[in-house]
Each structure stands twice: as C-alpha cells, then as structure tokens.
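First up is the structure itself, then whatever we jot down about it.
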Amino acid sequence: YMRRGLERNEFILHYQPKQDLASGNLNGVEALVRWQHPQRGLVDPDQFIPLAEETGLIVDLGRRIIDLACAQIADWRHAGLALPRVAINVSGVQLIGTQLVTDLRRALSEHDIPASLLELEITESGLMNDLKTARDILRELKSMGLSIAIDDFGTGYSSLSYLDMLPLNKVKIDRSFVRDLTKDAKKLKLLRGVVHLARELGLEVVVEGVETEDQLHMISDNNCADIIQGYIFGTPMPHG
C-alpha cells in the first residue's frame, strides 16, 4: 500500500514554525510528512514511518520528502517571500550508503536552491546503528552547506559521548523535558544542564513541545533555548 501511495503522490508535507526566542521572529519551519490516504484520510507519520523503515521504503519516501521540501522552498523564493530554513527528518536507515547524499545533491540542483536553506534532523536512535558511517555522511552533507540537527536529544544512552563526535549545528531537545517542566523542579535542572553543555560545544538549542505560556516563560526566564517550537506558536499546517 505504501509503495502504491508513493506512486500516486499521496504523501504530502505540513509545516510547523520555529520561533527565535530572543527576537520573536520566525526562525524556520519543520517539514512533517503526512499520508493523504484515499480511505483513511490524513495519516500521521508514527503510523507508517516504522513500517517504511522496516521494509526499506523509507529511502524512496525520504527522496520524495526531500523533493517536496526543495520544491516548496523554490516556490517561496519565486514568490519573493522571506525564506525560513526548512528542516526535514532523516531516518538512520537513510544514513547507510551514499543514496541520501545523491538525492540531496540532485534535488538542490534541480530546484536551484542553496543548501543553506535546508536542515536535516537526525534522531539519536537513528545514529546508533553505525556511528562512524553516519558521521562520515553527515560531514559530507555539512560540507555541502546543509545544517545538521540532532533530534529528540536526551532520550538515548550515549548522547553525551557523541555530541562532540558529530558535525552538528543544533541540538533539538526532546519534548519530554518540557512536558512536566512547570511541575517538576528536576526537569528544569536537567534542561539547564543539557542547554549549558550544548552551548559549551557551540551548538544552538531548539526546544520542542512548548504548548503553554507557563512553559514558555520558564524556558525564557532561565535562558534555556535559542529556538522554540510547539503548538503555542503553531501546529503543522499545509503550505497554503
């Protein structure tokens, strides 16, 4: 069914804004894939991404996501809109072999957009299969001008040991740090510690899952983010 969905262009992207905490300006958007299923309607990625990874279809799906995101960036440029950097999620499966690099080079060239307008978000778990290979591929992508962020940071076991090993620009802290931030003092201490470490390594800090004014104020008052993402600013929406 997924392969047929790809052939029928049933996969689309929604975009969620990221806000610069200091200025309040739009910092960029994250492109989030959805399956516009003819019977089931709009299907969220957690219902099909694991299957895509298991079957290997994630490579084809990833190629489609890259192409859709680059096409959208090109459309925004042609419309004369101020350009946010667009972040796309990359699976660990895509960090095996050279296909990801090839797909990105082709899409950037085909749509005539600079690599600096694209950011890749890699989950911690996705890096653990073959860290050395992933590091080499990420280095090549960063040398092309792409920004690299580690996603869901704080949920894995080896986080601290490889933060300095990988060619990263940003750390995106997992929403679990934010969920009970206003109720549990330990959460704030953990968040402050992670943020301090990231900044010591010269990395920008993105905090996702911000949903309430109280969470936002606590993060702001404690200088625990450079960039904020969450429902308080906007839900994932079609580009139109």
Checked against a 19 Å limit on the C-alpha separation, the offending pairs among 142/172; 18/172; 18/189 are 18/189
Restricted to the chain, the DSSP antiparallel beta bridge percent, nearest 5, is 40
So residue 46 and residue 212, fully extended at 0.36 nm per residue minus their Cα-Cα distance, gain in nm 57.4 nm
Two pseudo-spin positions, 7 Å from Cα along C-beta at residue 199 and at residue 54, lie apart in nanometres by 4.3
For the chain, the longest principal axis of the Cα atoms and the Cα long axis of helix 185-200 enclose an angle in degrees, to the nearest 10, of 70
Using a 1.4 Å probe on heavy atoms of the protein chains only, the accessible area for residue 228 in Å², nearest 10, reads 0
Ignoring trypsin sites (Lys or Arg not before Pro) buried by more than 10 other Cβ within 10 Å or outside DSSP loops, the longest site-free run in the chain is 41-182
Rounded to the nearest 0.05, FRET efficiency between residue 132 and residue 106 (Cβ-Cβ, R0 30 Å) equals 0.75
Of the accessible area of the chain, computed with a 1.4 Å probe and all protein chains kept, carbon and sulfur make up a percent value of 48
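The values are calculated or read from the model by the stated rules, or taken from the named source; none is laboratory data. Being a predicted model, the structure only gives us computed values, none of them experimental. For neighbour counting, all protein chains shown are included, and Cβ atoms are generated from backbone atoms with ideal geometry for every residue, glycine included. Protein only, heavy atoms only, side chains kept; ligands, DNA and RNA dropped before computing areas. Shrake-Rupley method; radii C 1.70, N 1.55, O 1.52, S 1.80 Å.
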